[in-house]
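The values are calculated or read from the model by the stated rules, or taken from the named source; none is laboratory data. Since we're looking at a predicted model, the values are computed, not measured. We place every Cβ from the backbone using ideal geometry, glycine too, and count neighbours over all the protein chains shown.
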Amino acid sequence: MSHHFDTKLAREDPSLNLCDFYLFHGPPGRTAMAMTVNPDVGLSAPDTLHPEGLYAFRFDLNGDAREEVTFKFRFGEPRHGDGTEHTHIQRFVVRKATGDDAVRGDAGESLIEGETGSVATNSGLRAYVGIAPELFAANVGFGTFMTAFYKDQRYDGDAFLHQQNPPHLAAYMVAEQSGKELPQ
């Protein structure tokens, strides 16, 4: 799915401009999810995500047009990262919600916490949120990602740190859905 500045809100605040969503097969029982946000990051927009925004991967697992599982990313207030006003770091938390919590709000089981710009890990889950090149503009980063993911059966968040393509803010996560694989 791809959306670029398709709502008034996205045009007014690029940090709420959800661009692309991707799903990849992971190791057995795991799915890799990727979301790009704000195609103007670092150009005409800051490198931050909205602290009041809810960035979510929603899954309808039984075809009833209602999500049963949602992975929700929430972000804290940005702070300056390298002593300049141009680089920011934000704390983030990823929650897994099921049932009514999957449909609305930010409730859910906390899976992983971290800071933008680095890979966070917890109980076999990995998440990266930060500036990354466009996923499908074929470059070294994408090749590195594909090799690690398919050949080595692992997620390499560092693969996206190559800056050869126009940057986006991106959220990547490898997650496990016990009992039933997420859609592939």
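Restricting attention to segment 77-87, report how many residues are assigned to a loop (DSSP other than H, G, I, E, B) and without any contact (Cβ under 8 Å) to a residue 12 or more places away in the chain.
Looking only at segment 77-87, we keep the residues that are assigned to a loop (DSSP other than H, G, I, E, B), and these are 77-78, 81-87.
Next, from what is left, pick out any that are without any contact (Cβ under 8 Å) to a residue 12 or more places away in the chain: 82-85.
Selection size over segment 77-87: 4.
Which condition from (1) in contact with a helix residue (DSSP H, G or I) (Cβ under 6 Å, 6 or more places away or on another chain); (2) at pLDDT below 90 is the one that E85 breaks?
If we test E85 against (1) in contact with a helix residue (DSSP H, G or I) (Cβ under 6 Å, 6 or more places away or on another chain); (2) at pLDDT below 90, just (1) comes out false.
Suppose we keep only residues that are in contact (Cβ under 8 Å) with a residue 40 or more places away in the chain and either among the basic types (K, R) or assigned to a strand (DSSP E or B) (or both) within segment 35-54. Which one would you say is nearest to T7 (Cα to Cα)?
V37
Using the structure shown, decide if Q90 is in contact with a Pro (Cβ under 8 Å, 6 or more places away or on another chain), at pLDDT 65 or above and closer than 19 Å to P28 by Cβ.
no
Give the residue that is nearest to C19 (Cα to Cα), with candidates limited to residues of segment 30-83 that are among the β-branched types (V, I, T) and in contact with a Lys or Arg (Cβ under 9 Å, 6 or more places away or on another chain).
Checking each candidate, the answer is T70.
Could you please let me know if G99 is within 17 Å of M35 (Cβ to Cβ) and out of contact with any helix residue (DSSP H, G or I) (no Cβ under 6 Å at 6 or more places or on another chain)?
Values: within 17 Å of M35 (Cβ to Cβ): no; out of contact with any helix residue (DSSP H, G or I) (no Cβ under 6 Å at 6 or more places or on another chain): yes.
Judged against the criteria, G99 is not a match.
Quick check: anything in segment 55-67 out of contact with any Ser or Thr (no Cβ under 7 Å at 6 or more places or on another chain), touching a residue at least 12 places away in the same chain (Cβ under 8 Å) and within 16 Å of G114 (Cβ to Cβ)?
Yes; the residues of segment 55-67 include at least one that is out of contact with any Ser or Thr (no Cβ under 7 Å at 6 or more places or on another chain), touching a residue at least 12 places away in the same chain (Cβ under 8 Å) and within 16 Å of G114 (Cβ to Cβ).
Filter segment 100-115 for residues that are within 16 Å of the chain's Cα centre (by Cα) and modelled with pLDDT of 90 or more and give the result.
Keep residues of segment 100-115 that are within 16 Å of the chain's Cα centre (by Cα), which gives 106, 110-115.
Matches in segment 100-115: S110, L111, I112, E113, G114, E115.
Considering only residues that are over 14 Å from the mean Cα position of the chain (by Cα) and small (G, A, S), look in segment 32-67 and name the one that is nearest to G81 (Cα to Cα).
Looking at the filtered set, the residue picked out is G42.
Output yes when any residue across segment 20-31 is of a type in the set (D, E), closer than 30 Å to E85 by Cα, at pLDDT 80 or above and not in a strand (DSSP E or B), and no when none is.
Going through segment 20-31, the residues of a type in the set (D, E) turn out to be 20.
Subset that is closer than 30 Å to E85 by Cα: 20.
Those left that are additionally at pLDDT 80 or above: 20.
Within this subset, residues satisfying the condition of being not in a strand (DSSP E or B) are none.
There is no residue in segment 20-31 that is of a type in the set (D, E), closer than 30 Å to E85 by Cα, at pLDDT 80 or above and not in a strand (DSSP E or B).
Going by what's in this entry, would V93 be described as β-branched (V, I, T) and without any contact (Cβ under 8 Å) to a residue 24 or more places away in the chain?
In short, yes.
Check off (1) buried (at least 16 other Cβ atoms within 10 Å of the Cβ); (2) out of contact with any Gly (no Cβ under 7 Å at 6 or more places or on another chain); (3) not β-branched (V, I, T) for D100 and give me the number that stays unchecked.
For D100, the exception is condition (1).
Restricting to segment 58-97, and then to whatever is polar (S, T, N, Q) and surrounded by fewer than 20 Cβ atoms within 10 Å (Cβ to Cβ), can you tell me which residue is farthest from V129 (Cα to Cα)?
N62
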